[in-house]
1. For A:Leu265, are the conditions met, namely being of a type in the set (A, V, I, L, M) and more than 25 Å from A:Val175 (Cβ to Cβ)?
2. Only one of B:Ala114, B:Ala152 is touching a Pro at 6+ places or on another chain (Cβ under 6 Å) and part of a helix (DSSP H, G or I); which?
3. Step by step: first the residues of segment D:22-78, then only those that are within 11 Å of chain C (Cβ to nearest Cβ) and among the basic types (Lys, Arg), then the one that is surrounded by the fewest Cβ atoms within 10 Å (Cβ to Cβ). Which residue is that?
4. Please tell me if A:Gly311 is buried (at least 21 other Cβ atoms within 10 Å of the Cβ) and more than 22 Å from the chain's Cα centre (by Cα).
5. Have a look at C:Glu108, C:Glu95 and point out the one that is at pLDDT 95 or above, touching a helix residue (DSSP H, G or I) at 6+ places or on another chain (Cβ under 8 Å), assigned by TED's automatic domain parsing to the domain that holds C:Ala166 and among the charged types (D, E, K, R).
6. Anything in segment A:59-79 that is among the charged types (D, E, K, R) and over 18 Å from C:Thr66 (Cβ atoms)? List them, or say none.
7. Among the residues of segment B:215-224, is any within 13 Å of chain A (Cβ to nearest Cβ), surrounded by 21 or more Cβ atoms within 10 Å (Cβ to Cβ) and more than 20 Å from the chain's Cα centre (by Cα)?
8. State all residues of segment D:308-321 that are outside any helix (DSSP H, G or I) and not polar (S, T, N, Q); if no residue qualifies, say none.
Protein chains: 4
Amino acid sequence: MLIVMRHGTPQEDIDRVVAIIAEMGYVARPMPGRQRTTVGLVGNDGRVDGSRLEALPGVQEIIHVTKPYKQVSREWKPESTIIRLPGGLSVGGDEVLVMAGPCSVESERQILDAARTVREAGAAVLRAGAFKPRSSPYSFQGLGRAGLRMLARAREETGLLIVTEAMDAEGLDQVLEVADIVQIGARNMQNYSLLKHAGRAGKPVLLKRGLSATIQELLLSAEYILAEGNPQVILCERGVRGFDTVTRNLFDLSAIPVVHGLSHLPIVADPSHGTGHRDMVTPMARAAVAAGADGLLVEVHPTPDRALSDGAQSLYPEQFERMMRETRLIAEAIGRRVAEPVGVRA
Amino acid sequence: MLIVMRHGTPQEDIDRVVAIIAEMGYVARPMPGRQRTTVGLVGNDGRVDGSRLEALPGVQEIIHVTKPYKQVSREWKPESTIIRLPGGLSVGGDEVLVMAGPCSVESERQILDAARTVREAGAAVLRAGAFKPRSSPYSFQGLGRAGLRMLARAREETGLLIVTEAMDAEGLDQVLEVADIVQIGARNMQNYSLLKHAGRAGKPVLLKRGLSATIQELLLSAEYILAEGNPQVILCERGVRGFDTVTRNLFDLSAIPVVHGLSHLPIVADPSHGTGHRDMVTPMARAAVAAGADGLLVEVHPTPDRALSDGAQSLYPEQFERMMRETRLIAEAIGRRVAEPVGVRA
Amino acid sequence: MLIVMRHGTPQEDIDRVVAIIAEMGYVARPMPGRQRTTVGLVGNDGRVDGSRLEALPGVQEIIHVTKPYKQVSREWKPESTIIRLPGGLSVGGDEVLVMAGPCSVESERQILDAARTVREAGAAVLRAGAFKPRSSPYSFQGLGRAGLRMLARAREETGLLIVTEAMDAEGLDQVLEVADIVQIGARNMQNYSLLKHAGRAGKPVLLKRGLSATIQELLLSAEYILAEGNPQVILCERGVRGFDTVTRNLFDLSAIPVVHGLSHLPIVADPSHGTGHRDMVTPMARAAVAAGADGLLVEVHPTPDRALSDGAQSLYPEQFERMMRETRLIAEAIGRRVAEPVGVRA
Amino acid sequence: MLIVMRHGTPQEDIDRVVAIIAEMGYVARPMPGRQRTTVGLVGNDGRVDGSRLEALPGVQEIIHVTKPYKQVSREWKPESTIIRLPGGLSVGGDEVLVMAGPCSVESERQILDAARTVREAGAAVLRAGAFKPRSSPYSFQGLGRAGLRMLARAREETGLLIVTEAMDAEGLDQVLEVADIVQIGARNMQNYSLLKHAGRAGKPVLLKRGLSATIQELLLSAEYILAEGNPQVILCERGVRGFDTVTRNLFDLSAIPVVHGLSHLPIVADPSHGTGHRDMVTPMARAAVAAGADGLLVEVHPTPDRALSDGAQSLYPEQFERMMRETRLIAEAIGRRVAEPVGVRA
């Protein structure tokens, strides 16, 4: 941590900063410059809260050199984390894991149709929401517990793993009974009560990036889960808020190499929310894999024009098949392969 | 709602859109244009979900004319909502309500000191967090229940009303025992479980705008609370995420006249989080009141350089006094007045 | 400047950084920390280009402590710059300078009407564009030289000073024949050829903040003008690009205290472009003055529904009168006064 | 165009809107809805300026259905534009055109080294700036005319085509003597004087997206060039301003499929400016090609740690070779190929 003093600060103000750093148990190293003095704080393990220093007279700004997260960082654990899933699947290694399905569970028939469709095209995990966070209280809010039971049935029937969202502690416990991966959605990325609960879940957690979260904030939210004892976190880029309304979000694929540089955790990409338009999902799915994504989360609906939510960004079954074909070629071009659904590989 | 068809769409695609609108129970009005046909959907009460239509062949985009919120809108209730608080105070009328205090409750002594300080300068409500949402799991997380007890003590001692944050359903129940106004923080603006719980609270709710929430999303989150039966919602502008790191957030004061145009709910402003720098709090507090804010939420700490959180943006007591003086003059210049603390007015 | 080395960087990489800093003519001060070493570069006068260092092996990031601008900074010149204008007017001192008028010069009659209207309500400067930068090549592009002649006529007739925009070097020379203040628009804030030309103009320059310019970039663009020898720069906040389409731009009033802290140059605010909606101009004009703006730039049109550009954000004459009345009260509340038009004061 | 009236607007206000639309020469079609009336304007050819209507009493907002650009749109010209370059090269067809080289021309030796390096790895076009737009007036501003002469020499020596930037009309004329493609940089995307000049250039123009330009604004700026008679425009995505400082810009790869949907013009991607970090250039170059980019613009420097500008984002020669190898594989995976430099193919 570096404390930058204002131009022309009296020596006593600099001395006070030095004294307070000592009082906090760290070493202060003043560094007089041509325009101003800066004071280095040495010994920071990432937990120093600079706001106390920021308040002192003469202090112009605090510059953080040490990252505030620990366990999620690649400096803490250099080798990439590979998360093992049932059926011999994994995420974070050579395989690219494709999770696909409708936005919401709407009926048993719909989810079984969707499951069969995505499995046939080669997806390994079924995605669909039973609890739906919707901007409007008047929009369809999901089938809840009944939806979870339908997902369990789809799992039985097809062998697909299940990823589905939890919105609060109570729902999380219900989701854990059914899901192989628990999703925490973008709107709840900084719902710390939920994160702590997920940290005690014992199952992998798919943590989506918040709508305007920096990568550092995403990693800090993951740190909440690891700090509670659960190291199985899969990060997910799903677009951030941008100024151009031509897409639903601004899909930030750079997040993939950035996260791979800073953290050992795997990161997947969601081109459906990332773009909001069916026509853009396939090119952006290809791009995500080319950028190094460890997996994809894609909305596919047997009949998108009948969908109760997110119809416009759901792929038609035949579009999804094409996406899978093209994605496989891209994965191979960079020395990876798309994971095959359990049972097919045998 | 307006459905814009692509240039050169065949008539049968237009007919299908018309048919599906009819099937949904609304009236379709096709409008052939020079470049393309648009189809108006008439009879929308704000609850039509356009995504089903967006998925149809030939549809280029859906344009929403009707606002998706209802009860929060000024069209639903033209007169401004005045929320009555204990001790004859109110928010949303002529008075400008000042809520001030430290970021966190740190000790009984600190909160009592802070309470006396802000009351003396003229604040009517004490703000301070017992439950603190922090980006890092290693930062101070608040005193929890013990902090709430200290707030109750400060209320007794000074007569100040209390506003404090709840982060989950369980915490909300605890906060309700002590607080006059329950705060839902920016990070939880779209925590729908919490919003629904707050909708059953029976006390006023201060709902802060999310870090990158549009005004429409803020109003929709308020709608969740009203839809559950609680009409006492105070909105709060606290800065949104911007691209310039010179301030902590981008304080969007335009939100004040925008909200006053679209909704009957009161809106207050938080220049402490809005700017993140003590030196900017007073000018921006003045600006907020000049823009028409119904109140202010301001961080004041007896000794900011000892604060456990947000020290850099907390005012020193003497700065707060000056802010109050200047704010009173601004309020008078636009025909309002700053509310006085209960007991003083008698 | 601080060079942050990666965790575990070998000593030879650190030594190379130290050697190159010495080669560049500065002093290097290595500072080993608990997680990583940082190397301070001492003696920076704001002109060191860090990108060369950023490229060295082992370097994680470069942190700039010294500001890259000089002459515009308050450290360079502590007292605020007061720019003297004809007729005894000034900007940057106690007076708040109101510049008002239509978006474009449309005809002699329109501009004379507008000039009389804004003068009567108390504006001191007439604003109107003869050269109009428009997003579309098919939109009205301004009357050019003929428009400048009409502005000269309005000046003669009313005694109002003139501010009008130049878009290129050739146009700037024409504008200089007529205008008292030359405007460089938001889209040209980083048109360095134009900035250099304005730096040799010998008249005050009103420099608008670019659509997504940081304050530092705005100050650097002003530095281009000062570096060429023209110290008369008036900065202007006019809204930046935001994610919410409810307003045309995100009006960043915090820029006012930020600029006043970092620079000695005056800064004015443009609530018309800042909001894009006539109904929001008056509250935001009040807010800008309350925040400390040294002036206002406001669009007023005799008949907005006949305007060839920006009709929706132009005030009706009676709205402008009300804005002036309210703005005067706000200015007085903070110990300033609105400048009166030349001739009236005599 | 759709004019949305406020809830409860009196009939006379609606009638006035209808009358004014008729006066403007278009057909008005009022459409009473459940919450409010909307009035459709029929016959819009993309040139109607709605601001006049926006100013009328009772009008709530104007919704644009028709796109404001014409000649750049795919509706105007359905087949993709293929721009022919000297030596049988082209952009916009099956080939992916790689343009590479240092940020700036620094010396004849440097540019010849760089040219040989990038040609050997397979680039077809040499990029390097002789005129450099720099945020600070104290940064290296380029070698100007002397730099252009060195580029001409590199062209002669290696057969590589040249792309280089012009910052004003005068510089554009000089650039045209040497370059095969003229670049207009991000900061000048809305420098309309320069765009018009480029519209009369007779050579292909590479138009970079502005720092916070929407796709529509990018297309409108291209329209300026086409409207002056030059149909040879290559668009370029180079990152937009985002809120996360971990990358230099937010690289918006979705722009590629979006532009391909809306326009017939080719679009290339610049992963160097898009990310600002050498380590991220290769994965994002792969991603851009996977997303469908028609070419790449990449910074490569023989010795990045000696570069006078942009050292941190310049690839080392061996990194560029690897990037080319991987990019070729990605191009093949989607049925395209990387263009080979002229002369090699024979």
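1. no
2. B:Ala114
3. D:Arg47
4. Values: buried (at least 21 other Cβ atoms within 10 Å of the Cβ): yes; more than 22 Å from the chain's Cα centre (by Cα): yes.
For A:Gly311, the condition - buried (at least 21 other Cβ atoms within 10 Å of the Cβ) and more than 22 Å from the chain's Cα centre (by Cα) - is met.
5. C:Glu108
6. Result: A:Lys67, A:Lys70, A:Arg74, A:Glu75, A:Lys77, A:Glu79.
7. no
8. D:Leu308, D:Asp310, D:Leu315, D:Tyr316
The values are calculated or read from the model by the stated rules, or taken from the named source; none is laboratory data. Computed from a predicted model, the values in this text were never measured in an experiment. Ideal geometry is used to build each Cβ from the backbone, glycine not excepted, and the neighbour counts take in all protein chains shown.
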